[in-house]
Amino acid sequence: MSVTLHPFDAFPEQPPKKTLSVLRYGKAAALRRTSSRVPLFCQQADAGSQATGRRARATLARLRKVNEQLLQTTLLAQRGQRQAELALSRQTQLMGVVAHELRNPLMTLCTTATLLPRVASDKVARLLEIIERQTGRMSRVIGDLLDVSRMNTGKLRLEFDDVDIADVVEDSLISCRHSMAQHAQTLHLELPSPPGSMRADAVRLTQILSNLLGNASKYTPAGGQITLVVKRTAHAVVFSVKDNGIGISPRALLEVFDPFVQEQHAVKFNGVGLGLGLAVVRELAEAHGGRAEASSAGVGLGSCFVVTIPILDGRR
């Protein structure tokens with residue numbers, strides 16, 4: 001039996017070939033070319049977005065830096081304003097304290113001068129003593145103010161010479177004896193034997209000890225004890241003034257030598273003074289090439305001030 005196969009039945013797994021017209025072939029080629037260019041366009045778009053992101057991040061970083069600078073400038077301006085307000089407040093308080101310190105002795109002088117022509121001759125000496133004490137107080141206030149001004153302007157000058165230590169101690173006690181006697185305070189004095197001499201400015205060295213002793217007497221209760229010890233070492237002379245007075249708090253120790261600074265409990269105990277005495281002590285000690293130090297166990301436990309002046313071999 002013979003079977004005749006159709007051409008499509010002979011190879012059913014192979015579809016017949018299709019023939020594209022010229023128009024459809026051109027469209028297909030164009031589609032292939034377009035599809036081959038799509039990745040390049042995507043790459044360019046990605047690169048553009050990355051550059052835009054980098055520029056945005058750089059702009060954000062610059063803005064953040066500018067904001068930080070503005071914040072720092074604002075904080076500095078606020079700090080400067082607070083410091084200026086504090087300085088103005090201190091200056092106002094200082095003017096009030098200076099006026100108080102000068103007015104009280106001036107009023108006493110005016111009253112004493114009024115009484116002089118009308119008192120008996122045996123009481124004139126007493127009135128003259130009052131006048132001398134009050135003028136001395138005014139002179140100390142004005143002298144401290146002038147010294148601080150000279151220190152701030154660099155005009156403080158020392159005249160070095162050979163000075164006897166015992167004479168300096170004796171001169172420094174002159175201005176303090178009345179206050180100590182008035183408050184029944186006891187002074188213990190320890191000097192090396194012999195005291196010897198040193199090169200220093202005698203007037204300024206006396207001023208250092210006077211300020212330390214006067215400060216100890218001012219802040220020591222009636223009946224208290226004050227000790228002045230002078231020691232010589234191979235390279236320096238050490239002056240130590242110790243008392244059993246109201247003491248100094250740990251916080252106040254950090255600024256006890258700063259001008260116009262007085263601790264609150266010290267003001268309540270004795271409101272007299274400008275807070276310049278210890279500042280002058282430190283400046284004069286450093287002008288001699290030495291140093292001033294303060295220590296205290298706390299409020300109510302007394303205090304100790306130590307001034308170390310080096311022994312100079314030659315002239316300054």
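Where a number appears in this text, it was derived from the coordinates with a stated rule and is not lab data. Because the structure is predicted, anything quoted here is derived from the model rather than measured. Glycine gets a Cβ as well: all are built from the backbone with ideal geometry, and neighbour counts include every protein chain shown.
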Requested in this report: With 10 Å bins from zero, work out the P(r) of region 58-160 over every alpha carbon pair and list the percent per bin.
Outcome: 12, 21, 19, 17, 12, 8, 5, 3, 2, 0
Query raised in the report: Arranged from highest to lowest average of other beta-carbon atoms within 10 Å per residue, in what order do the peptides 277-286, 56-65 appear?
Result: 277-286, 56-65
Query raised in the report: Setting aside same-chain residues fewer than 8 positions from residue 123, which aspartates and glutamates have a Cα under 20 Å from its Cα?
Result: 132
Query raised in the report: For residue 299 and residue 92, what does the FRET efficiency come to when R0 = 22 Å and r is the distance between their Cβ atoms, rounded to the nearest 0.05?
Result: 0.20
Report task. Rank 220, 178, 163 by how far each Cα sits towards the positive end of the charge dipole of region 127-247 (+1 on Lys, Arg Cβ; -1 on Asp, Glu Cβ) and give me just the farthest. Result -> 220
Requested in this report: With N denoting the number of residues in region 128-245, provide Rg(C-alpha) divided by 2.2 N^0.38 Å, to two decimal places.
Outcome: 1.13
